[in-house]
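Worksheet: the structure to be examined is printed underneath.
The values are calculated or read from the model by the stated rules, or taken from the named source; none is laboratory data. These figures come from a predicted structure and were not determined experimentally. As a convention, Cβ positions derive from the backbone with ideal geometry for all residues, glycine included, and neighbour counts pool all protein chains shown. Just so you know, the surface numbers come from the protein's heavy atoms only, side chains and all, with ligands and any DNA or RNA stripped out. Shrake-Rupley method; radii C 1.70, N 1.55, O 1.52, S 1.80 Å.
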Amino acid sequence: MTKRGAKGASGTAATKRSAGAATRRSAGAATKRSAGTSTKRGSGASAKRSAKTAAKGSAVRTAKRPAKRAPKTTPLTEYNAKRDFTRTVEPAGKVPKPRGKTLHFVIQKHAASHLHYDFRLELDGVMKSWAVPKGPSLDPAVRRLAMEVEDHPIAYNTFEGTIPQGEYGGGTVMLWDRGTYEADDDGGAASLRSGYEKGELRFVMHGKRLRGGFVLTRRRRPGRPQWLLIKRRDAYADPERDVTTEETTSIATRRTMEQIASGRRVWHSDR
Ligand code: MN
């Protein structure tokens, strides 16, 4: 039952929304009752019960009407659809309310069916994500293939552990680097957004292992977008170093892949 959790969650949200809409539409007693409730947090249990009943009534009436809008596709629909959250300890996909202007990145080394590095940049409440088979390079002459994958939740940034075999992405995940990043032109999120859309994303990374300018360039090909990840020429470029060979432990726990694979789970979802 892969999708039960995700469907259940979105179903609940949809019911709440339509219940609210129905309440707003009716000017009668139902409105008064529910308006009463929203200000009445912590008052008697009987008031709560009657509010629930009123809400239920509205929801039932709404359900009988034909749907006016197609179900909303949230930014993390694909992420949630691919995972069974009763089997994996990865976080369920939710988009948080916008916070500060600081944008975060994370790179996860992922020993799935094929080893790769998941390169994730925060933008508009999700982590834009690319699977980079060879990982990042500090050599500006090297272009690393970066296959765009589904957006991930920001909560994924603290995930390190093991996804069960047989589940989507089954294998060991290590937090390989993390930090903040920004547009390279002081244009903020607007600049990053337009760069992403144009297929030429230029940014500066402030991580432990990756620093300085990088560019992601989208290749012109049909199908799921493929990009190239390239280090820009600056003080942090270093053609002599092979950063993925040198750095083989977790930035968060200093564990090796083997230790993560055999160790206890260190990450717990907030559900
Ligand atoms: Mn992956």
**Prompt:** Quick one, what does Rg over Rh come out to for the stretch 77-261 if you take C-alpha atoms and the Kirkwood Rh?
**Reply:** 0.94
**Request:** Report in % the part of the accessible area of the stretch 77-261 that belongs to carbon and sulfur, leaving out ligands and nucleic acids; probe 1.4 Å.
**Result:** 49 percent
**Request:** Go through 222-232, 127-137 and give me the packing order, highest mean Cβ count within 10 Å leading.
**Result:** 127-137, 222-232
**Message:** For the stretch 69-179, what are Rg and Dmax over the alpha carbons, in angstrom?
**Reply:** 14.4, 50
